[in-house]
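**Q** Structure below; questions to follow.
Laboratory data are not the source of any read-out in this text; all were calculated from the coordinates shown. No experiment lies behind these values; they were computed from the predicted model shown. Backbone-built Cβ (ideal geometry, glycine too); neighbour counts: all protein chains shown.
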Amino acid sequence: MSIRDKLTRLLGPEPAASPDRARVEQAMRGSRRPADIAEVVEGEDAGGGTFLVRRGHDVPVEFSEADPRWWAALAREPRWAGARREDVAFLDLETTGLAGGTGTVAFLIGLARVRDGRLETRQYFLRSPASEAAALARVEEELSGCTHLVTFNGKCFDLPLLETRFVMQRRELVTLPHLDLLHPARRVWKRRLEDCTLGRLEAEILGRARHGDIDGAEIPQRWFDWLALGDARPLAAVIEHNRLDLVALASLAGRLARLLANPSEAVHATDLFSLGSMMARDGDVRAEPTLGEALARGAREAAPELARVKKRRGARDEALPLWELAARDPGRRGLEAGVELAKHYEHKSKDPARAHAVTQGLLARGDLTTREREGLVKRLHRLERKRARTTGGFV
DNA sequence: TATGGGAATTGCGAAAGGTA
DNA sequence: TACCTTTCGCAATTCCCATA
């Protein structure tokens, strides 16, 4: 029995080849010789087996006009307030998989930065795992010339992975004030969009749909194929994907800053509500007018949030009509608003009979959790005792 | 498929208000 | 005045989701 036969018995038959893999193998079998990365993508040798792809782009207008203090608010990191746009780096990695740890390699490290009035992308491609030390040295050099860093989901993915690679190469990754756009993007748009992937945001928010873009899950295999077969043709789409991600990051950073600076520019009332909620959470005094405008533009869900802001300010009388409005909502917001109304009538209006009626109405709902029901029953019993004391009896 | 940030939920203690 | 109840804010925990 041959070694191949023994392995087949041990591991089972080989999995079916992916369409891309089949194409690469076809190219290998046919007359077309494998193409080097330099034949497929315009770039230059950056030393140590690293291939550098540079491209220039128009700086997104919203990015060039953004006031850095809004990035400070988005990042919840005051050090952003003093950022110069020219010193901001955008980072995006293409790797051999999602799993962290030492086994995952970043084979394409994309960086972007404004230079001489243009947004320049620099993508460092590793011809082999052995090129990593040289690539990381270049990245270290690039980042040490920057003061701030922007990523998408970089807190969980890009930065921990890059940090591990730096440790593996006995280097230290420079620590910069970091804005991970995923989280502010979720805060602003998750109520309206199906999800908050970068692709979705690019299409729905920036109005740029990509055609023929590679699925992220296919990316690792294309690099493995390159290592095995030496044909770089399937990698062109990976490099393009990474470049477009970098440009999208700059646009998104600009768009978010602009919306936070001028919330009224939000096209959708729901987005305006989200901006107001974000401001309320961050203690921004513009929360109240922003939520008020969202409500006026039809976002009824802004009513309870606006009422909470007013209540916190001590303006309970202004909050009352908002709770009354929200209480008509058959959903969870209506329940929360109803409880607030009951509290108001009991403790502020000193009208236990009215509070009792509101509580009884809430108990008739069919969507209460055990915990909510228990809370309402407790409230109802207390109100009954209270009313019995004030009227000398209870119905 | 692993990972971890952050929103949502839950738990706890201090403060305030009400009652005997 | 002392005790009890409720509210509110902060801390701890849970769950969701985006990345290649």
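**Q** Tell me the Kirkwood hydrodynamic radius of chain A in angstroms, computed as one over the mean inverse distance between distinct C-alpha pairs. Walk me through the intermediate numbers first.
**A** Working: mean 1/r = 0.0400 Å⁻¹.
Roughly 25.0 Å, rounded to one decimal.
**Q** May I pose another question? Which whole-number percent is the relative contact order of the range A:124-219 (Cα, under 8 Å, 6+ apart)?
**A** Numbers: 56 pairs, mean separation 21.6, N = 96.
Normalised by residue count, the contact order of the range A:124-219 is 23 percent.
**Q** When the dipole is taken about the Cα centre of the range A:18-261, and only Lys, Arg (+1) and Asp, Glu (-1) are charged at their Cβ, what size is it in debye, to the nearest 20?
**A** Details: 35 positive and 37 negative charges, 102 e Å.
That gives a dipole near 500 debye.
**Q** Also, I was wondering about something else. If R₀ is 51 angstrom, what is the calculated FRET efficiency for the pair residue A:140 and residue A:267, using the beta carbon separation as r and rounding to 0.05? All intermediate terms of the calculation are to be shown ahead of the outcome.
**A** Working: r = 41 Å, r/R0 = 0.81.
With R0 = 51 Å, the Cβ-Cβ based efficiency is 0.80.
**Q** Measure nothing but the geometry: give the 0 to 90° angle between the long axis through the Cα atoms of A:332-343 and the longest principal axis through the Cα atoms of chain A, rounded to 10°.
**A** 40
**Q** Right, next: Taking amide hydrogens as modeled 1.01 Å from N in the peptide plane, which residues meet the under 5 Å criterion relative to residue A:150, leaving out close sequence neighbours?
**A** Amide H to amide H, under 5 Å and 5 or more residues apart or across chains, residue A:150 pairs with A:89, A:90, A:91, A:179.
**Q** Taking chain A as the reference, fit the longest principal axis to its C-alpha atoms, fit the long axis of helix A:219-229 to the helix C-alpha atoms, and give the angle between the two in degrees, 0 to 90, nearest 10.
**A** Orientation of helix A:219-229: about 10 degrees from the principal axis.
**Q** Can you give the helix-only mean residue ellipticity at 222 nm for chain A, where every DSSP H stretch with n ≥ 4 adds -39500 (n - 2.57) and the sum goes over all residues, rounded to the nearest 500 deg cm²/dmol? All intermediate terms of the calculation are to be shown ahead of the outcome.
**A** Details: 18 runs with 205 residues, N = 395.
One gets -16000 deg cm²/dmol as the mean residue ellipticity at 222 nm.
**Q** Distance from the Cα centre of the range A:32-61 to that of the range A:73-121, in angstrom?
**A** Centre-to-centre (Cα) distance: 18 Å.
**Q** Turning to a different aspect of this structure: Against the longest principal axis of chain A, how steep is helix A:19-29, in degrees 0 to 90 to the nearest 10, with axes from Cα atoms?
**A** It works out to around 0 degrees.
**Q** So for chain A, taking the charge dipole from beta-carbon charges (+1 Lys/Arg, -1 Asp/Glu), which of A:209, A:46, A:108 sits furthest toward the positive end?
**A** Working it through, the farthest residue towards the positive pole turns out to be A:209.
**Q** Cross-link partners among lysines for residue A:190, C-alpha distance below 23 Å, same-chain residues fewer than 8 apart left out?
**A** Residue A:190 reaches A:155.
**Q** Could you give the length gained on full extension between residue A:84 and residue A:168, defined as 0.36 nm per residue of separation minus the Cα-Cα distance, in nm?
**A** Details: separation 84, 0.36 × 84 = 30.24 nm, distance 3.18 nm.
That pair, residue A:84 and residue A:168, stretches by 27.1 nm at full extension.
**Q** Let me ask something else. How much length, in nm to one decimal, is gained on full extension between residue A:285 and residue A:374, taken as 0.36 nm per residue of separation minus their Cα-Cα distance? Intermediate values should be presented prior to the final figure.
**A** Numbers: separation 89, 0.36 × 89 = 32.04 nm, distance 3.62 nm.
Taking 0.36 nm per residue and subtracting the Cα distance, the gain is 28.4 nm.
**Q** Output ³J(HN,Hα) for the range A:113-127: one whole-Hz value per residue in order, computed from phi by the Karplus curve 6.51 cos²θ - 1.76 cosθ + 1.60 with θ = phi - 60°, and x for Gly and Pro.
**A** Once rounded to whole Hz, the list reads 6, 7, 9, 6, x, 10, 8, 9, 9, 10, 10, 9, 9, 8, 5.
**Q** What is the order of A:168, A:279, fewest Cβ neighbours within 10 Å to most?
**A** Listing A:168, A:279 from fewest to most nearby Cβ atoms yields A:168, A:279.
**Q** Here's another thing I want to ask about it. Given the options A:256, A:244, A:272, state which has the largest fluctuation in a GNM of chain A using a 10 Å cut-off (strictly under) for Cα springs.
**A** Among A:256, A:244, A:272, the largest mean-square fluctuation in the Gaussian network model of chain A belongs to A:244.
**Q** Label points 7 Å out from Cα along the Cβ direction at residue A:236 and residue A:217: separation in nm?
**A** Inter-label distance under the simple model: 2.6 nm.
**Q** If packing is taken as the average number of other Cβ atoms within 10 Å across a peptide's residues, how do A:281-287, A:259-265 rank, most packed first?
**A** Top of the packing list down: A:259-265, A:281-287.
**Q** Mind putting together the pair-distance distribution for the range A:266-391? All Cα pairs, 5 Å bins, whole percent per bin, short to long.
**A** 2, 12, 20, 19, 17, 13, 10, 5, 2, 1, 0
**Q** Hey, which lysines would be in cross-link range of residue A:386, C-alpha to C-alpha under 22 Å, not counting anything within fewer than 8 residues on its own chain?
**A** Once the sequence-local lysines are set aside, what remains near residue A:386 is A:343, A:348, A:350, A:378.
**Q** Counting other C-beta atoms within 10 Å, which of A:378, A:386, A:310 has the fewest, and how do the rest follow? List each step's numbers first, then the result.
**A** Values: A:378 11, A:386 17, A:310 20.
Fewest-to-most Cβ neighbours within 10 Å comes out as A:378, A:386, A:310.
**Q** May I ask you to compute the full-extension gain from residue A:384 to residue A:102, defined as 0.36 nm times their residue separation minus their alpha-carbon distance, rounded to one decimal in nm?
**A** Working: separation 282, 0.36 × 282 = 101.52 nm, distance 6.46 nm.
Here the answer is 95.1 nm.
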